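Every read-out reported here was derived from the displayed coordinates using simple, explicitly stated rules and does not represent laboratory data. Keep in mind that what you see is a predicted model, and the values were worked out from it rather than measured. Here the Cβ is made from the backbone with ideal geometry for all residues, glycine too, and neighbour counts use every protein chain on show.
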Amino acid sequence: MAKKVFHSNHIEKLLEKLIAEINGQQTNIFTKDWIIAPTSGMGQWISIETAAKKNNGVFANFAIVNQDKFLRDLYKFICGHETERDQETAKWIIYKFLGSSDFLNEPEFNKVTEYYSDDNLRRVQLAERVANLFDQYQIYRAGMIAEWNDNRLVYSDSETEKWQKWLWQKLDIDHHIRARYKIRLDLLDAFKNEENRHRIKLKYPVINLFGNSIYTPFHIEIFDKLSEITDVSHFIIYPSEDITKTNEARNSLLKSWGKKYSELASIMNTDCIESVCADPGDKCLLNKVQHLVLRNTESSEAVAATSEFLDSDESIQINSAYTEVREVEILFNYLTDLKNRHKDLYPRDILVLTTNIDLYAPYIKAVFNNAGFKIPYKILGVSASQKESVITAFTSILDFGENDFTSEKVLSLLETKHISARYEITDLEKIRALVDKANIRFGIDKPETDEQGKDYDETRWVSWDFGLKKLTLGYAMLTENLYDMPGEESGLYPFNDIEEESGQEIFRLTAFINDLKNVVRAKKETRTLKEWKDFVIADVLEKMIQAANADKPDLAIIYYRLNSQEEAEKLKDENDEPLRVEFTVFWQGIKRSLMSEPGEFGFNSGKVTFSSYRAARGLPAKVIAFLGLNSSVFPPRDSPYGFDLISKYPETGDHNKKENDKMLFFETLMSARSHLYLSFIGKDRKDNTNIPPSIVADQLMDFLEGMVENPTFIREKLLQEHPLHGFSGKYRKDDRRFFSYLYGEKAGMAFQDKTEADSMTELREISLFQLRKFLEDPIKWYYEKVMGIKFEEIEGPLSETEMLEPDHLQKWEIRKVFMETRLEEKTLIKKLKMDGKLQLGAAGIRQFEEIKTEIQDVKDRYYQRISGDPDMKLVSIPLEFEYEGKADFKVTVSGTVEKIYNAKEIITYCVSRKFEHRDKVRAIMNHLALCASGEKIRSVCVRRDNPEEFFLDTIARKDASDKIEQIVKLYLEARDRMVLFAEEASKKIFELIEEENKSNSDEAKIEKLKKEALYEIKKLAYPEKYSFANLYIRQAWDEGLFAENFQKWVEDTIKINAIISF
């Protein structure tokens, strides 16, 4: 029997060697061959590639498993029973003893007991960490465990070791759990038996370990012993050609990233090592790096690459971005451009690694799903916490507490399809609107009075109980009048703006709220582990969650986690009573394990694969991208517990995240066949300061600098710093390094969705509303309608607090209600409070009085003018003019005009402090529309800022049509280029025009006025403290549109002012 070791820098060559070894092995065709791989991703790759390389395309009768799974199978085969690690059971036993009088009363353990004194959640968290440490000790400190079993300390001066030894002995001796060290001893002892050795040889004639770069002392000892019984072959990924000279590395990358390779080499028998390396050559910069690593040569010893070579090379690219979403956008542009230039590149050839797949997954979906050009992709390994599933529905309900009964948090639960499906709720947007309008903000239910009969404050009016009553009565009674409902001393105003089909949704919502209340209240109790398990299954999983066939794997995980503490359910406390715990104590460990459960892995999808970097370690691809290489994230640093004896007394071979992941990055560098793409957050989006990349990216750039004639090229050109926004003007410059397939010309040309017929239909039918929005703010209109960019969210989350102070829009709504109602003042205030339009308590009364004082005069003047009920009129204005070479281009402008009184006047009001450009535009557009339709109409707007009304007299039909035609032509022009207009700077523009038109104009004054006009724009983009920025103006300013197109800005200002002037 023998142990063989093969190593290669090229995993495909290593696989060829594996296949050759398998083909040369004389084994029974009915005997399963065993391949041990480090990850499921590697296992899938081996299976697919081996089947493809075999002549018949079949890869059968093989078992591909990881090291632990193989040892479990071996243990069951030899020892006759399962290897149960019992870590969950160990946690609860440790929890029990941490609360025992023996442990609490031991003076030497005081520092530990003080940590969790009277806090059972801390106690169970400590128990879980200790159970995990005990598992690690058995792998990395088997000698220490043996000493503990003999009641001896290894570190006699360590107080930490004393209490851990005490707990270990209670755990191991008193409860006889099947610990790892016992499994190891059982196997080593079984290997001595001749019959067992014969059985092992028959079942495992050859054991192939492929791609495993990390071995623990626990595992390597067992595999070395197995090599004395049967053939054991190790196929190792190693970047250099001579593994025996690991400690003599000259290559700086091998020195820095290869410390774990040194440990690996030291535990392998170098007498039986065979190298099967492949020289990548030097046709591109990436291959040159790989070649130098292979030959263990430093970059300075290589022939320097010329600037001409680097200008044409694209094999390595490093990108700096402001945010994660920008990283993904830049990657999308890179892949699209790469595909356009390499027709033989397919999605399956691209592997994208991320430092945190849960963080990047939503950004990947947002960018790739909404791009004009669809790149097929698959995201692998996203944890349960980051995707909609039965698991997230289950945990969301059980995490919900009494303080979470806010409007947004409750409706967020219903956004989970597994919950809404159980209650047959189908129109969540409608429910969201009803909850908002019913003024449901927070609180379950608050009694009208306390036990002494003292009135509660008005916050009851924003509770779920009060709001649901408003909705239910509104649906049933169809009245807006105050209703004296039993149990509601203050009465309530039913909310009756409810469509008939919404009634059932309200009743279903009420049923859900009642079930949720029952769960929240039950969680306040103390129960046994079994009682809690039965409760979460019956009252949550089966009652509140709808599971389909596709959810069976998730359900299996939930039941497995709940049943993993089945042995612990039998535990009793010191009084020999069943162990009882609070819900948070029961739940914390189960929740953590559920939410960290990784998703599916399938590396053979034929699509671009996104994965966490550990799950895809060592896998080769033509193009490998690595996102999130930030200095603060990669490589990660170990964060050991303060009582971790491994970190306190380190030894060679210990687990080290930082060194392991440096090694993994090395494997990534060597696995990229044609392109390596690295990305990191290199700028702080708040203050624009530079942020360094991960040390591995920095060291790679240092290495590259030694390979080139001009070292500055690497960080000046190879490292690309991208702007904050994907639609930045930087992407429209003549620079081949910066391009966009998501915004701008390329996006429009390459990914146009609309047909020419669709576009012409849009142009021939223009709504009055769209014309008005364009004229009110042409810059905002252009970004939203032409570029598809919205800086302002149309609809945010629901408010979760009572109104403390109305904002500008809410004050406008109060003014509007006040202007249009004739209710008695006290009744109006109460209704405004219940409807959520006014603050509760005395603050609301003061606010109402303030608003009343502001606009009472406007209301009086408005009601003096109007009589009767207002009418509305539909308008349709046909226009015909020359457009794009067509002499008879026809357009129809249509819309609705309201507030028409006595068929002769449009009477409106303006309660804003200032009669602004948008107010004037609205009045003028409605007036022009009616006049162009042939109506003899006048328009009056009663203004708050001026006792004199804004007045428009009737104008001729043709004159009105000509005005609208001017607006439409400017609107059509704005579809191709931004119309530049900002009312705040118009005064300076007209002062400039006036100066330019003088016969003796002053050039210095003209330049001064230009700067002042630009300064007015800058103030809008970047206002002083306590002012709000106009984000659309800011974007145009940042792109230099005002400065670069100053004359066009002047012309646009003249046009718009001419349109709105009479």
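Exceeding 27 Å between C-alpha atoms, which entries from my cross-link table qualify? They are Lys686/Lys1010; Lys417/Lys816; Lys780/Lys1019; Lys686/Lys1048.
Over 27 Å apart, Cα to Cα: Lys686/Lys1010; Lys417/Lys816; Lys686/Lys1048.
Select from region 997-1039 those chymotrypsin sites (Phe, Trp or Tyr not before Pro) which occupy a DSSP coil region and have at most 12 other Cβ atoms within 10 Å, ordered by residue number. Let's see the in-between values first.
On the way: sites: Tyr1015, Tyr1026, Phe1028, Tyr1032, Trp1037; in loops: Tyr1026, Phe1028.
Filter output for region 997-1039: Tyr1026, Phe1028.
Ranking Leu804, Leu473 by Cβ neighbours within 10 Å, fewest first, what do you get?
Leu804, Leu473
Along the Cα-to-Cβ line of Trp812, 7 Å from the Cα, sits a label point; which residues in region 1028-1062 have backbone N less than 19 Å from it?
Counting backbone N atoms under 19 Å from the label point, the list is 1028-1033.
Could you tell me what fraction of 2.2 N^0.38 Å the Cα radius of gyration of region 754-979 comes to, as a two-decimal ratio?
Output field value: 1.20.
Farthest toward the dipole's positive end in the chain, which of Leu828, Ile330, Gln169, given Cβ charges of +1 (Lys, Arg) and -1 (Asp, Glu) about the Cα centre?
Final value for the positive-end residue is Ile330.
Give me the one-decimal Kirkwood hydrodynamic radius in Å for region 983-1059, with the sum taken over alpha-carbon pairs.
Working: mean 1/r = 0.0760 Å⁻¹.
Result for region 983-1059, one decimal place: 13.2 Å.
For a label point 7 angstrom out from the Cα of Phe951 toward its Cβ, which stretches of region 851-866 have the backbone nitrogen within less than 17 Å?
Label zone hits: 861-866.
Using the Kirkwood radius built from alpha carbon pairs, what does the Stokes-Einstein equation give as D for region 386-595 at 4 °C and 1.567 mPa s, in µm² per second?
Working: Rh = 19.0 Å.
Stokes-Einstein gives a translational diffusion coefficient of 68 µm²/s.
Can you give the angle from 0 to 90° between the axis of helix 357-370 and the longest principal axis of the chain, with both taken from C-alpha atoms, to the nearest 10?
Once rounded, one gets 50 degrees.
Given a Förster distance of 22 angstrom, what is the FRET efficiency for Tyr901 paired with Asp959, based on the Cβ-Cβ distance and rounded to 0.05?
It comes out at approximately 0.40.
Calculate how steeply helix 552-563 sits against the longest principal axis of the alpha-carbon atoms of the chain, using the helix alpha-carbon long axis, and give the answer as 0 to 90 degrees to the nearest 10.
The two axes meet at around 60 degrees.
Hey, can you rank 217-230, 638-651, 317-330 by average C-beta count inside 10 Å, highest first? The partial results should precede the final answer.
On the way: 217-230: 17.6, 638-651: 14.4, 317-330: 22.1.
Highest to lowest by the protection proxy: 317-330, 217-230, 638-651.
Provide the packing ranking of 1053-1059, 692-698, i.e. peptides ordered by the mean count of other C-beta atoms within 10 Å per residue, highest first.
With the highest mean Cβ count within 10 Å placed first, the list reads 692-698, 1053-1059.
For region 348-402 and region 179-244, what is the centre-to-centre distance using only Cα atoms, to the nearest Å?
For region 348-402 versus region 179-244, the Cα centre distance is 38 Å.
How far is the Cα center of region 994-1062 from the Cα center of region 264-333, in Å?
Distance between centres, Cα-based: 51 Å.
Determine the dipole magnitude for region 983-1059: charges of +1 sit on the beta-carbon of Lys and Arg, -1 on that of Asp and Glu, nothing else is charged, the reference point is the Cα centre, and the result goes in debye to the nearest 20. Walk me through the intermediate numbers first.
Working: 13 positive and 17 negative charges, 44 e Å.
It works out to roughly 220 debye.
Find which of Ile814, Cys284, Ala190 sits farthest along the positive direction of the dipole of the chain, computed with +1 on the beta-carbon of Lys and Arg, -1 on that of Asp and Glu, about the Cα centre.
Looking along the dipole axis, the top candidate is Cys284.
For a quick check: sort Phe791, Phe394, Phe1042 by the number of other beta carbons within 10 angstrom, fewest at the front.
The fewest-first ordering by Cβ neighbours comes to Phe791, Phe1042, Phe394.
Of the listed values (i) 32.9; (ii) 35.5; (iii) 31.4, grab the one calculated as Kirkwood radius over Cα pairs in Å from the structure here.
Looking at Kirkwood radius over Cα pairs in Å for this model, the match is (ii).
Give the residue from Leu555, Thr668, Leu970 lying farthest towards the positive end of the charge dipole for the chain; charges sit on Cβ (+1 for Lys and Arg, -1 for Asp and Glu) and the dipole is referred to the Cα centre.
Going by the Cα projections, it comes out as Thr668.
Once the Cα atoms of helix 841-865 and of the chain are each reduced to a long axis, what angle between those two axes, in degrees from 0 to 90 to the nearest 10, is obtained?
Helix 841-865 and the main axis of the chain meet at about 40 degrees.
Mind checking which aspartates and glutamates have their C-alpha under 12 Å from Lys517, skipping anything on the same chain fewer than 8 residues away?
List returned: Glu402, Asp404, Asp445, Asp465, Asp539.
Each residue of region 996-1002 in turn: what ³J(HN,Hα) in whole Hz from Karplus with 6.51, -1.76, 1.60 and θ = phi - 60°, glycine and Pro shown as x?
So the J values, rounded to whole Hz, are 5, 7, 6, 5, 10, 4, 9.
For a 31 Å ceiling on Cα separation, which of these pairs sit above it: Lys255/Lys339; Lys873/Lys920; Lys852/Lys936; Lys374/Lys969? Intermediate values should be presented prior to the final figure.
Numbers: Lys255/Lys339 36 Å; Lys873/Lys920 20 Å; Lys852/Lys936 35 Å; Lys374/Lys969 35 Å.
The answer is Lys255/Lys339; Lys852/Lys936; Lys374/Lys969.
Hey, can you rank 357-368, 622-633 by average C-beta count inside 10 Å, highest first?
622-633, 357-368
Counting other Cβ atoms within 10 Å, which GluC sites (Glu not before Pro) in region 969-1059 have at most 13 and lie in a DSSP loop? Don't skip to the answer; put the middle values down first.
Working: sites: Glu973, Glu983, Glu984, Glu991, Glu994, Glu995, Glu996, Glu1003, Glu1007, Glu1012, Glu1016, Glu1024, Glu1039, Glu1044, Glu1051; in loops: Glu1024, Glu1039.
Of the GluC sites (Glu not before Pro), the ones in loops of region 969-1059 whose Cβ has at most 13 other Cβ atoms within 10 Å are Glu1024.
Tell me what the chain gives for mean residue ellipticity at 222 nm when only DSSP H runs of n ≥ 4 count, each as -39,500 (n - 2.57), the sum divided by the residue total, rounded to 500 deg cm²/dmol. Please report the intermediate quantities before stating the final value.
Working: 44 runs with 498 residues, N = 1062.
Result for the chain: -14500 deg cm²/dmol, rounded to the nearest 500.
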